[in-house]
1. Can you pull out the residues in segment 360-371 that are surrounded by 15 or more Cβ atoms within 10 Å (Cβ to Cβ) and either modelled with pLDDT of 95 or more or outside any helix (DSSP H, G or I) (or both)?
2. Being closer than 18 Å to E149 by Cα, out of contact with any Phe, Trp or Tyr (no Cβ under 7 Å at 6 or more places or on another chain) and surrounded by fewer than 19 Cβ atoms within 10 Å (Cβ to Cβ), is that true of even one residue in segment 339-355?
3. On the given criteria, is Q236 more than 28 Å from F412 (Cβ to Cβ), polar (S, T, N, Q) and assigned to a loop (DSSP other than H, G, I, E, B)?
4. If you check every pair at least six apart or on different chains, which have Cβ atoms under 9 Å apart with a residue in segment 361-372 that is among the small types (G, A, S) first and a residue that is at pLDDT below 90 second?
5. In the list A85, A48, A70, A4, which residue meets the criterion of being under 26 Å from L172 (Cβ atoms), modelled with pLDDT under 75 and out of contact with any Gly (no Cβ under 9 Å at 6 or more places or on another chain)?
6. Can you say whether Y300 is among the hydroxyl-bearing types (S, T, Y) and in contact (Cβ under 8 Å) with a residue 40 or more places away in the chain, as far as the supplied structure shows?
7. Does segment 372-410 hold any residues that are assigned to a helix (DSSP H, G or I), surrounded by fewer than 21 Cβ atoms within 10 Å (Cβ to Cβ) and aliphatic (A, V, I, L, M), and which are they?
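The values are calculated or read from the model by the stated rules, or taken from the named source; none is laboratory data. Remember, it's a predicted structure, so these values are computed and weren't measured experimentally. Neighbour counts run over all protein chains shown; Cβ positions are idealised from the backbone, glycine included.
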Amino acid sequence: MTAAGIDRAHRTILAVWRIEQPRLITSLSRMLRDVPLAEDLTQEALLAALEHWPATGVPESPGAWLMATAKRRALDHLRRSRMLARKHGLLALDIEQEQQAMPDLEAVLDDDIGDELLRLIFTACHPRLSREARAALALRMICGLTTGEIARAFLLPEATIAQRIVRAKRTLSESGLTYQTPRGSELSERLASVLEVVYLIFNEGYTAARGDHWLRPQLCNEALRMARVLTSIAPQEPEAHGMLALMELNASRTAARTDAAGEPILLLEQNRTLWDRLQIRRGLQALSRARELGGAGGPYALQAAIVACHAQADTAAATDWPRIAALYANLASVARSPIVELNRAVAVGMAEGAAAGLALVDRLAHEPALKNYHLLGSVRGDLLHKLGRHEEARAAFEAAAELAGNRREQEFLRRRAIEAGLNDAAIDGKRLTC
């Protein structure tokens, strides 16, 4: 195979892997009752695909090929294990018999993958791990996000995240933590971390950190499914309903967020007739339930209330920006974050003028967490452009494009830089003719 053919095969393998990894890990975890070991064996299946597929071609059912390979690795491990030899031998025999009698059994078992993923996430979010380690471990090992994508979500260096994941895996493996969904007080103890993980999965699907596509709908849909399950597991938890509301309301705009070529469309320029009204109603109902349970001031409910302001405005001009700015101020008081402050600056810029928004953005210029965050430059460029400071806007957009990891965002920001430069050139032309 040519170098170009090998490269295409590798890209195909990685694309398939992103889709299949959660199913592989959930299946092997069920077999082995050991989540880190399941993750290791699925990685071995990936390496096998990288070795064989470029030469033999991508199989007709790549997911089934990966599953069969991972299961063979699991059976080999069970056979080699000296501890609990009899139990493992019986389990291996059962699995072999099931595979012979029902080769498609795994597809049936994984129909409830949303629940299985939640079970794994609850396992990874054990109180013995730090809050930061819980989320990083679940996102990397179970949900298939790359270390870079997780680092971007936490605004931290990749090395820091990688170190957290290694330590968390070691703790999880050495502690003998069981593969089960906790109940009662144990569930409540882990729920906040689980909510964080599910929402970060949604965010990565809503605006992808890397790659050629701005959206990853599969991740959004997976997160929405898990969020709906969480509201049934914890029906009296207002933040579960608040998170579901936030995700439903954001997802309602999916059809309007990109054009036919997949290019991003800004919120104020979207065709609101494409927004999913049924999903908006579901989101508003979930927000109402969060408020009924006394959670109106929770971080997820406040963010959902912000998105609801957009959803309930028939036109961009009708958006209640003063209320959105006030809601962001409330959110900043309960969940201090430079990202919240940046979003508040956007809202203040819309409510009080670009100069007021820019003043807030400039205060964030030396925030360490935003040092490599491309949206800081993007927001600053937009506000400068509105103020007629086009050359500064062009420089801000270009700097933002250099930091963006997603190709669609890079191209979008470069177009904005060109537009700002053209405006600046037009102004210089007018000066020359005066």
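1. Residues satisfying the conditions are L360, V361, L364, E367.
2. So far as segment 339-355 goes, yes, one or more of its residues are closer than 18 Å to E149 by Cα, out of contact with any Phe, Trp or Tyr (no Cβ under 7 Å at 6 or more places or on another chain) and surrounded by fewer than 19 Cβ atoms within 10 Å (Cβ to Cβ).
3. It is true that Q236 is more than 28 Å from F412 (Cβ to Cβ), polar (S, T, N, Q) and assigned to a loop (DSSP other than H, G, I, E, B).
4. Pairs that qualify, where the first residue is among the small types (G, A, S) and the partner is at pLDDT below 90, are A369/F154; A369/L155; A369/L156.
5. One residue alone meets the criteria, A85.
6. Taking the combined requirement at face value, the residue satisfies it.
7. Result: L375, A395, A399, L403.
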